[in-house]
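Student: Before I ask anything, let me first share the structure, which is written out below as structure tokens.
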Amino acid sequence: MPNMIEPEHSRTNEYRITGSVEDSSPTTYGFVGTGEITAALVEGLHAGEAEPPVVFLSPRGRDVGRALAQRFEGVHVCGSNQEVLDNATTIVLGVRPPVAHGVVTQLRFRPHHVVLSAVAGVPLAQLYDWAAPVGRIVRAVPLPQSESGRGLTAMYPENAVARELFGRVGGLLVPEHEAALEAISAATATFAAHLDHLTTIAGWMAEHGVDHESATTYTRHVFGQLGRSLLRNTESLTELADRHTTPGGINEQVMTELRNEGVPQAVRQALDRVLTRLRE
């Protein structure tokens, strides 16, 4: 079984190198790539923390970096990706997969660097080749909920530095092998489809006389509360589904019709194709 535990400043903080990486605090983190996940992790690292870590951000996505630097005193925007590496030993790699090779191979990693890669579809062996002579690399699948300290980050392999960072923003899930992490990563591709499913439900109600705002509010409430019940319950998903299914009832009818239409199989096939893409 996998190992799981629960868990305004006016200046822009533009940064230039002032010291060596060996002098960095153990709670100093560098982020290469400043997209949604980086923003969520930086937010989570500062949520309710009396002494948050010092953070160095790459210049790409400078608007995002500047906004974070204006809010948090210990966040600094560097002049280059290399400056991030020169000022932190723990590096979170959050760039898009198509550009990952070009970004990583242009950087000078050192043996004491620990890289936490959030780049989907790039295996450990490939990352070690690109980032040689880096010391340690951990693959991770951080979630947007890390922003509020409620993320559940899957990571592989086990690593104390990764556990320290991701443990600050929620719980941890450590699968037994890298292939399992790839399956977890593929599962995150269902987020938009799930929201699209909810959009269909709200839209259907609107088509049948419920005003659009009320239909959306009702859908948000029902499925938001259902999500909370998932977190509170320890029953299996199958058991929870059974509790919402009365024999001969309308929940059973919809579930049966969707199964007969091949919806579960279509989901499996889509996930298979995503997993194949991640492993190419």
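The values are calculated or read from the model by the stated rules, or taken from the named source; none is laboratory data. Since the model is a prediction, treat every value here as computed from it, not as a measurement. Glycine also receives a Cβ, built like all others from the backbone with ideal geometry; neighbour counts cover every protein chain displayed.
Student: Tally time: how many residues in the stretch 150-170 are under 12 Å from the mean Cα position of the chain (by Cα) and more than 17 Å from ILE91 (Cβ to Cβ)?
Tutor: The number of residues fulfilling the criteria is 5.
Student: Looking only at the stretch 185-235, count every residue that is farther than 30 Å from GLY121 by Cα and part of a helix (DSSP H, G or I) and tell me the total.
Tutor: The total comes to 26.
Student: With respect to GLU257, is the statement that it is loosely packed, with under 11 Cβ neighbours inside 10 Å and either under 25 Å from GLY151 (Cα atoms) or of a type outside the set (Phe, Trp, Tyr) (or both) true?
Tutor: Criteria met by GLU257.
Student: Still on this model: If we scan the stretch 255-264, do we find a residue that is at negative phi and in a loop (DSSP other than H, G, I, E, B)?
Tutor: Yes; the residues of the stretch 255-264 include at least one that is at negative phi and in a loop (DSSP other than H, G, I, E, B).
Student: Please find, among ARG243, ARG220, ARG163, ARG232, the residue that is surrounded by 10 or more Cβ atoms within 10 Å (Cβ to Cβ), modelled with pLDDT under 95 and either of a type in the set (D, E, K, R) or within 22 Å of ILE37 (Cα to Cα) (or both).
Tutor: Unique residue meeting the criteria: ARG243.
Student: Considering each of LEU107, LEU127, LEU85, LEU116 in turn, give the residue that is surrounded by 18 or more Cβ atoms within 10 Å (Cβ to Cβ), in a loop (DSSP other than H, G, I, E, B) and of a type outside the set (S, T, N, Q).
Tutor: Matching residue, one of LEU107, LEU127, LEU85, LEU116: LEU107.
Student: Among the residues that make up the stretch 52-63, is at least one of them assigned to a helix (DSSP H, G or I) and more than 20 Å from ALA132 (Cβ to Cβ)?
Tutor: Yes, because at least one residue in the stretch 52-63 is assigned to a helix (DSSP H, G or I) and more than 20 Å from ALA132 (Cβ to Cβ).
Student: In the stretch 210-239, what residues are touching a helix residue (DSSP H, G or I) at 6+ places or on another chain (Cβ under 8 Å) and farther than 23 Å from THR199 by Cβ?
Tutor: The answer is ASN233, GLU235.
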